[in-house]
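Reviewing the structure listed below.
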Amino acid sequence: MPDSSGTLSPIDSRRFSNPARATRPGRSRPKALAQRLALPLALTTLAMLAGCADMAAKVPPGAPLAQVEADYGRPNFTCVRPGPGPGPGPDGGGRRVIWSQQPLGQYAWGANVGADGRIDRVERLLTDEHFKLLDDGDWPAEKVRCEFGPPAIIDQVGLPSVRQVVWSYRYRENDVWNSLMYVYMGRDGDRVTRHHPGPDPMYEDDRFGMGWM
């Protein structure tokens, strides 16, 4: 059960974030059907992005975006950063491109594109170090989406008086643990209030019986 602030305990994180629960008796059939229909598309996207594993290490800074797309495929998410002008960092402005494996995969890569059509650099986005960006400054919802890409899950947690929208990003905590990064977006889902990792319920039924590995 969430505490008075609405923070997810490990048990609550499973309760509110387990995609499999949508197909259990008593849940909405249309929602379950939509998830089943979306699964093949998600798996296809995941397979297409499998070759991106060394993307951050192999793509040189300043490479033309056209060449990166030729080597790794087109990004599946693009946005325009808010900011005063082109430049690195979440407040730099300019166009941003993201290759994401969400909702089923655990990796995403992003780059900023300059006016000359070249990227600054490719970086892994779903890491403990990169999520630390959320510790500083104001993070409206669209800024989060533009920095990390769309989340795997959007849900609500907490009692009615403290209910919050939570975005969950599937990733490998410390490059080891199958985890979700829970990003709390407030009652209206419009900006970050806090974030923390937790075990990913999708892996709790693995053959070793050790869902966080």
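The values are calculated or read from the model by the stated rules, or taken from the named source; none is laboratory data. Note that the structure is predicted; figures quoted are calculated from it, not measured. Neighbour counts are summed over all protein chains in view; Cβ atoms, including those assigned to glycine, are modelled from backbone coordinates with ideal geometry. Surface accessibility is based on the protein's heavy atoms, side chains included, excluding ligands, DNA and RNA. Shrake-Rupley method; radii C 1.70, N 1.55, O 1.52, S 1.80 Å.
Quick one: count up the residues across the stretch 184-199 that are part of a strand (DSSP E or B) and either open to solvent by less than 10 Å² (accessible area, probe 1.4 Å) or of a type in the set (Ser, Thr, Tyr) (or both).
Our first condition is that a residue be part of a strand (DSSP E or B); within the stretch 184-199, this holds for 184, 191, 194-199.
Then keep just the ones that are either open to solvent by less than 10 Å² (accessible area, probe 1.4 Å) or of a type in the set (Ser, Thr, Tyr) (or both); that gives 184, 198.
Summing the residues that are part of a strand (DSSP E or B) and either open to solvent by less than 10 Å² (accessible area, probe 1.4 Å) or of a type in the set (Ser, Thr, Tyr) (or both) in the stretch 184-199 gives 2.
Looking at the stretch 38-62 only, could you name the residues that are assigned to a loop (DSSP other than H, G, I, E, B) and at pLDDT 85 or above? Walk me through it before giving the result.
Residues of the stretch 38-62 that are assigned to a loop (DSSP other than H, G, I, E, B), as a first pass: 53-54, 59-62.
Hits for the stretch 38-62 are 59, 60, 61, 62.
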- line: Per the list (1) closer than 22 Å to residue 178 by Cα; (2) among the acidic types (Asp, Glu); (3) buried (at least 16 other Cβ atoms within 10 Å of the Cβ), residue check on residue 129 breaks on (3)
- request: Within the stretch 86-103, identify whether any single residue is at pLDDT 95 or above and either on the phi > 0 side of the Ramachandran plot or of a type in the set (D, E, K, R) (or both), and answer yes or no.
  value: yes
message: Between 202, 181, which is in contact with a Gly (Cβ under 9 Å, 6 or more places away or on another chain) and either open to solvent by 50 Å² or more (accessible area, probe 1.4 Å) or among the hydroxyl-bearing types (Ser, Thr, Tyr) (or both)?
response: 202
message: Suppose the filter is on the phi > 0 side of the Ramachandran plot, open to solvent by 70 Å² or more (accessible area, probe 1.4 Å) and either of a type in the set (D, E, K, R) or at pLDDT below 95 (or both); does residue 175 pass it?
response: yes
field: Residue among 149, 117, 137 that is surrounded by fewer than 18 Cβ atoms within 10 Å (Cβ to Cβ), under 27 Å from residue 65 (Cα atoms) and not acidic (Asp, Glu)
entry: 117
